[in-house]
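A.B. asks: Pasting a structure below so you can have a look.
The values are calculated or read from the model by the stated rules, or taken from the named source; none is laboratory data. In this text the structure is predicted, and so the values were computed from the model without any measurement. Don't worry about glycine lacking a Cβ; one is built from the backbone with ideal geometry, like all the others, and counts go over all protein chains shown.
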Amino acid sequence: MRITVFSTLLPLILAATAPGVGAEPQRVAAVVAPFEIKGVDPVLSGDIFLKMSIVETLVNTDTAGNPLPGLASGWTVSDDGRVWRFTLRPGVRFHDDTPLTADSVVNALNVARSRPGLLDKAPIAAVRADDGAVVIELSQPFTPLLSMLAENRAQILAPAAYDADRKVVNVIGTGPYRLTSLQAPQKLTVSRFDGYWGSMPAIGQASYMSAGRAETRALLAESGGADLVYNLDPASRTRLKNNPKLTLLAVSIPRTVLIKVNAGHPLLNDVRVRQALSLAVDRGGIARAILRYPAAAGQLFPPSAAQWHNASLAPLEYDPARARALLAELGWQPGEDGILVRDGKPFSLTLTTYPDRPELPLMAAAIQQQLREIGVQLAINATNSGEIAATHHDGSLALALVARNFALTPDPLGTLLQDYAPQGGDWGAMNWSNTAFNQTLAGLVHGDKPQEAAAERQRLTQILQAELPVVPVAWYQQTAAVSNRVQGADLDPFERSFGLEKMRWAE
């Protein structure tokens, strides 16, 4: 089976690396990851275009999450926090050779904030050009603005990227690589953009391929069919670490594997049930047996999200006896088969997950067994990740095991706004709202009391730990296998870039 899957994908890799007729042979750096290219719209696949260095954003970030100049060389903010002025880098050109102007940036940002994402949640009153600068006017102070401008859906595209209805029809960015072909949902190719404003990449051509099966990705790394392979499963990491032609990289990232809970579900609407489910999960065992690195999540935010990790919180515990006692308080009693029963109905739920991240189905199976020990029956629905959002919106979701990225913006505050708003979020709360949480989050967002920001973050994490609208399971490491054909590869803890522009051929 492995050979069959590999032989199916290998011709696509070779096609991506083959030179055209009459062309000089050129090496192509091949990147493989599990994420499909769902279209040209940044809402669908903006992360891939940013990671492949095709597009850029107004603001960048360093490895600690601090804002850095991007297409904006700098910015100022008014004393009342409501007017931001961004100075653009001179001499920047789009891949269609048109210049980056304040008007083109204004157009791109206005399109971005008209679409689902993060910018549509910012209190932006107007975005306008003024004497070559971009001015963003807010209806109220909004501290996450810089972080949201660094998010992939806020990428700056050329005017020609949009049709008359402001729909994205072409990916025309300003990055060091330009898009040369796109075959959604599986692959794209790029070439070095000779008109790039910054340092010129050493690698001239690269390809990206989506491969959903973890064993397929590992085979591509092992066989030399790819130079940079992301999201390795634990078994593959163990095997590949002894391959002399490969180097394995790993970095802790602000991502948490968690159980998304429908707090409005009849079986889940009491906080004691959510606490019982949490107590039944053996996080340490899952980390040792499946992830094979220290990853047990004692709280939602990992240490890599330094400002949000609350060292004062008592870690979430594994205590099946306490879990059974909490459920007994609610009238649940074991049936003949050990499954809890109340009012003649079993405690039975469906846990939805997806195989894009290969550890998730394995973790789901472990959680299924652990909840069975306290009398909770789980059915596992392993499907595509889009099913999580779809069933959130139609109300049919009960539980979902997901890997949530808290670095969508350099400051996780932007992600919290999306996930834990009063109406909930696709990858966060569902039918859960807390008045104190909402008020504290609003105060932090508006910067009402900057001197109390640290205390407000702690207050938010305390509420999440007590209420458990989501149940943290494990903190995350990003892993990759790098061919020894290339040098300079590194992993971005904020997952904004594959780092192609910093890589070079080893010979």
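A.B. asks: Looking at (1) over 18 Å from the mean Cα position of the chain (by Cα); (2) under 28 Å from residue 352 (Cβ atoms); (3) outside the structural domain of residue 460 (by TED's automatic domain parsing); (4) not hydroxyl-bearing (Ser, Thr, Tyr), which is the one condition that is false for residue 212?
C.D. replies: (1)
A.B. asks: Answer yes or no: is there a residue in the stretch 208-220 that is in a strand (DSSP E or B), modelled with pLDDT of 95 or more and not aromatic (Phe, Trp, Tyr).
C.D. replies: Going through the stretch 208-220, the residues in a strand (DSSP E or B) turn out to be 208-210.
Then drop every residue that is not modelled with pLDDT of 95 or more, which leaves 208-210.
Checking the rest, the ones that are also not aromatic (Phe, Trp, Tyr) come to 209-210.
There is at least one residue in the stretch 208-220 that is in a strand (DSSP E or B), modelled with pLDDT of 95 or more and not aromatic (Phe, Trp, Tyr).
A.B. asks: Continuing with this model, one more query. From 70, 132, 74, which residue is of a type in the set (Gly, Ala, Ser), within 28 Å of residue 195 (Cβ to Cβ), surrounded by 16 or more Cβ atoms within 10 Å (Cβ to Cβ) and modelled with pLDDT of 95 or more?
C.D. replies: Details: 132 fails: surrounded by 16 or more Cβ atoms within 10 Å (Cβ to Cβ); 74 fails: surrounded by 16 or more Cβ atoms within 10 Å (Cβ to Cβ).
Of the residues listed, the single one that is of a type in the set (Gly, Ala, Ser), within 28 Å of residue 195 (Cβ to Cβ), surrounded by 16 or more Cβ atoms within 10 Å (Cβ to Cβ) and modelled with pLDDT of 95 or more is 70.
A.B. asks: Now, a different point. Take the stretch 63-85 and flag every residue that is free of Cβ contacts under 8 Å to residues at least 60 places away in the same chain, not in a strand (DSSP E or B) and not small (Gly, Ala, Ser).
C.D. replies: Across the stretch 63-85, the qualifying residues are 79, 82.
A.B. asks: So residue 164 ticks every box in (1) in contact (Cβ under 8 Å) with a residue 12 or more places away in the chain; (2) more than 24 Å from the chain's Cα centre (by Cα) but one. Which box is left unticked?
C.D. replies: Looking at each condition in turn, residue 164 falls short on (1).
A.B. asks: Okay, moving on. Considering only the stretch 146-162, state which residues are among the hydroxyl-bearing types (Ser, Thr, Tyr) and over 15 Å from residue 86 (Cα atoms).
C.D. replies: Looking only at the stretch 146-162, we keep the residues that are among the hydroxyl-bearing types (Ser, Thr, Tyr), and these are 147, 162.
Selection gives 162 alone.
A.B. asks: Go through the stretch 88-118 residue by residue and tally those that are in a strand (DSSP E or B) and either within 29 Å of the chain's Cα centre (by Cα) or at pLDDT below 95 (or both).
C.D. replies: From the stretch 88-118, those in a strand (DSSP E or B) are 88, 93, 99; that's our starting set.
From what is left, the residues that are either within 29 Å of the chain's Cα centre (by Cα) or at pLDDT below 95 (or both) are 88, 93.
Of the residues in the stretch 88-118, 2 are in a strand (DSSP E or B) and either within 29 Å of the chain's Cα centre (by Cα) or at pLDDT below 95 (or both).
A.B. asks: Quick check on this structure: which one of 51, 38 is at pLDDT 95 or above and either surrounded by fewer than 16 Cβ atoms within 10 Å (Cβ to Cβ) or under 17 Å from the mean Cα position of the chain (by Cα) (or both)?
C.D. replies: Working: 38 fails: at pLDDT 95 or above.
Being at pLDDT 95 or above and either surrounded by fewer than 16 Cβ atoms within 10 Å (Cβ to Cβ) or under 17 Å from the mean Cα position of the chain (by Cα) (or both) holds for just one of 51, 38, which is 51.
A.B. asks: While we're on this one: Just give me the residues in the stretch 279-333 being among the charged types (D, E, K, R) and at pLDDT 95 or above, in sequence order. Show your work before the answer.
C.D. replies: Of all residues in the stretch 279-333, those among the charged types (D, E, K, R) come to 282-283, 288, 292, 317, 319, 322, 324, 329.
Within the stretch 279-333, 282, 283, 317, 319, 322, 324, 329 qualify.
A.B. asks: Turning to a different aspect of this structure: Quick check, is residue 227 surrounded by fewer than 16 Cβ atoms within 10 Å (Cβ to Cβ) and among the acidic types (Asp, Glu)? Walk me through how you get there before you give the answer.
C.D. replies: Values: surrounded by fewer than 16 Cβ atoms within 10 Å (Cβ to Cβ): no; among the acidic types (Asp, Glu): yes.
Against the criterion (surrounded by fewer than 16 Cβ atoms within 10 Å (Cβ to Cβ) and among the acidic types (Asp, Glu)), residue 227 does not qualify.
A.B. asks: Looking at the stretch 119-163, which of its residues are in a strand (DSSP E or B), closer than 25 Å to residue 99 by Cα and of a type outside the set (Val, Ile, Thr)?
C.D. replies: So the first thing to find is which residues in the stretch 119-163 are in a strand (DSSP E or B), and the list is 124-130, 133-138, 162.
Next, only the ones that are closer than 25 Å to residue 99 by Cα stay: 126-130, 133-137, 162.
Scanning the stretch 119-163 gives 126, 128, 129, 130, 133, 137, 162.
A.B. asks: Could you tell me whether any residue of the stretch 292-300 is among the hydroxyl-bearing types (Ser, Thr, Tyr), surrounded by 14 or more Cβ atoms within 10 Å (Cβ to Cβ) and within 30 Å of residue 459 (Cβ to Cβ)? Lay out the reasoning, then the answer.
C.D. replies: First, pick out the residues of the stretch 292-300 that are among the hydroxyl-bearing types (Ser, Thr, Tyr): 293.
Subsequent filtering for residues that are surrounded by 14 or more Cβ atoms within 10 Å (Cβ to Cβ) retains 293.
Subsequent filtering for residues that are within 30 Å of residue 459 (Cβ to Cβ) retains none.
So far as the stretch 292-300 goes, no, none of its residues is among the hydroxyl-bearing types (Ser, Thr, Tyr), surrounded by 14 or more Cβ atoms within 10 Å (Cβ to Cβ) and within 30 Å of residue 459 (Cβ to Cβ).
A.B. asks: Regarding residue 245, is this residue of a type outside the set (Gly, Ala, Ser) and crowded, with 18+ Cβ neighbours inside 10 Å? Can you show your working first?
C.D. replies: Working: of a type outside the set (Gly, Ala, Ser): yes; crowded, with 18+ Cβ neighbours inside 10 Å: no.
The answer is no for residue 245.
A.B. asks: Only one of (1) surrounded by fewer than 21 Cβ atoms within 10 Å (Cβ to Cβ); (2) over 30 Å from residue 222 (Cα atoms); (3) in contact (Cβ under 8 Å) with a residue 60 or more places away in the chain is not met by residue 405, so which one is it?
C.D. replies: Condition (2) is where residue 405 drops out.
A.B. asks: Right, something else. For the stretch 466-507, which residues satisfy the criterion of being part of a strand (DSSP E or B) and closer than 14 Å to residue 301 by Cα? Give the derivation first.
C.D. replies: Step one: filter the stretch 466-507 for residues part of a strand (DSSP E or B), giving 470-483, 486-487, 504-505.
Hits for the stretch 466-507 are 470, 471, 472, 473, 474, 475, 476, 477.
A.B. asks: What do you reckon, is residue 144 farther than 24 Å from residue 35 by Cβ, of a type outside the set (Phe, Trp, Tyr), buried (at least 19 other Cβ atoms within 10 Å of the Cβ) and at pLDDT below 95? Write out each step before concluding.
C.D. replies: Details: farther than 24 Å from residue 35 by Cβ: yes; of a type outside the set (Phe, Trp, Tyr): yes; buried (at least 19 other Cβ atoms within 10 Å of the Cβ): yes; at pLDDT below 95: yes.
Spelling it out, residue 144 is indeed farther than 24 Å from residue 35 by Cβ, of a type outside the set (Phe, Trp, Tyr), buried (at least 19 other Cβ atoms within 10 Å of the Cβ) and at pLDDT below 95.
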